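Rule-based calculations on the coordinates, nothing more; no lab input. Nothing here was measured: the structure is a model prediction, and the numbers come from that model. Neighbour counts run over all protein chains shown; Cβ positions are idealised from the backbone, glycine included.
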């Protein structure tokens, strides 16, 4: 089963664009709504219509929680998967451009395009085949399995796992379409997140 996995919090209208870009290309979508730990305006669940929008969609399984870290929220959707499911991991301010191919290996390394510039980055933990026991640990972009690290942000580093570069689609990051206040709050949040995940802030 091909499953889109999305974390969101007060993301109307961007979440609508995100969902529409994958809705007819995946079998199911797991969306986890709620504010993150340490988010500047984290008051609980979405209040802007995000929850109501997601609840109207047949393919969406909505989970609500708040006050969790990025790692904890991502592990919530992993716990809902079955061995062999194919994961497509998007942020709420991203859209998929192109068609999703059959994944014949463990990881498909894809391109992430910045909507405001020509900057392109590779992403390893965005399109992969789930194995029972996979978990994010310490960092929200690093997967572990059976106590061993599988990948970092840009590459698969565990030789027990196969990978290929996927060019059939890419992810477009539309962060620039957020409100100025939301951009500011996200900037504060991510600076603290990076420091915390690096071990500088307990």
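Brief remarks on what is shown
- Normalised radius of gyration (Cα atoms, divided by 2.2 N^0.38 Å) for the chain: 0.97.
- For the range 59-114: Kirkwood Rh in Å [reciprocal of mean 1/r, alpha carbons]: 13.9
- A protection proxy built from the mean count of other Cβ atoms within 10 Å ranks the segments 105-118, 9-22, 146-159, most packed first, as 9-22, 105-118, 146-159.
- Full extension of the chain between residue 2 and residue 79 gives 26.2 nm of extra length, using 0.36 nm per residue less the Cα-Cα distance.
- Rounded to 5, percent antiparallel among DSSP beta bridges of the range 2-197: 40
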